[in-house]
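Heads up: the structure comes next, in structure tokens.
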Amino acid sequence: MLMLGISTSSRSPSAAVMRDGAVLSFETDESGSSHSAALMALIESALKNAGVSKTELDAIAVDIGPGSFTGVRIGVSCANAMAFALGVGTVPVCSLAALRHAAKGEGTVVALLDARNGNGYAAAYNKEQELLAPCPCVINDILASYPKDSAEYVGDAAEVCTKALPDALLVLKEANSMLLSGEIKLAERMSDSTDTSAVRPSEAVPLYLRPSQAERMKG
């Protein structure tokens with residue numbers, strides 16, 4: 001299966017291409033340009049460097065958050081539009097679930113992202129088991145709940161973390177894991193499939209675990 005991965009939930013947008021679990025290309029933009037300005041060029045570069053055409057894609061995996069509200073909306077909108085135009089499925093991927101693939105060990109992994117002022121987003125996993133569903137959190141509460149000698153932390157919210165942020169490569173790793181485990185399945189081509197259980201284009205929606213800053217200020 002040939003998949004394009006898109007990640008826009010963190011500061012640096014990225015795109016990657018994977019075929020049957022093998023990474024063909026990975027592109028990121030760390031220039032500080034807006035996600036909307038950088039994303040399409042990243043996608044085009046990732047496809048070109050992978051030596052594939054967008055018409056060959058079987059699926060598009062996209063980071064749905066939590067993370068940058070504006071960034072997530074841009075990535076999800078792009079993935080849904082491309083999926084619809086190409087007649088392929090989308091694989092919505094939680095940024096915390098993707099982040100666990102940056103862990104070095106194989107035990108309990110806590111994905112922990114900074115949301116400022118001592119707040120964060122957290123999820124915990126042990127292999128394919130979800131120990132803590134993605135949630136908003138107080139960072140110190142999570143650190144107390146999962147002692148560092150019994151869990152590996154990945155993210156950017158605390159000194160104990162293995163420093164990492166969600167990116168398109170991690171998104172593809174999680175999407176591939178979801179497909180292999182049967183958690184999600186895709187029609188090969190929407191126009192050729194009558195499998196109503198397969199994921200359809202436009203099903204990716206942003207995962208907002210907290211109100212936006214504008215909503216909090218209004219409240």
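Here is how the numbers come out for the structure above:
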item	result
Test: residue in region 23-31 that is in a strand (DSSP E or B), open to solvent by 40 Å² or more (accessible area, probe 1.4 Å) and of a type in the set (Val, Ile, Thr)	yes
Within region 136-146, tally of residues that are open to solvent by 30 Å² or more (accessible area, probe 1.4 Å) and either under 20 Å from the mean Cα position of the chain (by Cα) or on the phi > 0 side of the Ramachandran plot (or both)	1
Lone qualifier among 113, 132 - being in a strand (DSSP E or B), without any contact (Cβ under 8 Å) to a residue 24 or more places away in the chain and within 13 Å of residue 96 (Cα to Cα)	132
Members of region 80-116 found to be open to solvent by less than 40 Å² (accessible area, probe 1.4 Å) and out of contact with any strand residue (DSSP E or B) (no Cβ under 9 Å at 6 or more places or on another chain), listed by number	87
Matching option when the condition is in contact with a Gly (Cβ under 6 Å, 6 or more places away or on another chain) and under 22 Å from residue 94 (Cα atoms), among 38, 15, 46, 61	61
Of residues in region 164-219 being part of a loop (DSSP other than H, G, I, E, B), farther than 19 Å from residue 60 by Cβ and aliphatic (A, V, I, L, M), the one modelled with the lowest pLDDT	209
Subset tally (residues that are under 21 Å from residue 38 (Cβ atoms), crowded, with 20+ Cβ neighbours inside 10 Å and not β-branched (Val, Ile, Thr)) for region 58-79	9
Residues located in region 32-77, provided they are under 20 Å from residue 96 (Cα atoms), hydrophobic (A, V, I, L, M, F, W, C) and part of a loop (DSSP other than H, G, I, E, B)	64
Count - residues of region 32-51 that are out of contact with any Pro (no Cβ under 9 Å at 6 or more places or on another chain), open to solvent by less than 20 Å² (accessible area, probe 1.4 Å) and of a type outside the set (Gly, Ala, Ser)	2
Filter result for the condition that a residue is in contact (Cβ under 8 Å) with a residue 40 or more places away in the chain, small (Gly, Ala, Ser) and either assigned to a strand (DSSP E or B) or crowded, with 17+ Cβ neighbours inside 10 Å (or both), over 123, 157	157
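The values are calculated or read from the model by the stated rules, or taken from the named source; none is laboratory data. Just so we're clear, the structure is a prediction, and the values are computed from it rather than from any experiment. Positions of Cβ are backbone-derived with ideal geometry, glycine not excepted, and every protein chain shown enters the neighbour counts. The accessibility values were calculated without ligands, DNA or RNA, using every heavy atom of the protein model including side chains. Shrake-Rupley method; radii C 1.70, N 1.55, O 1.52, S 1.80 Å.
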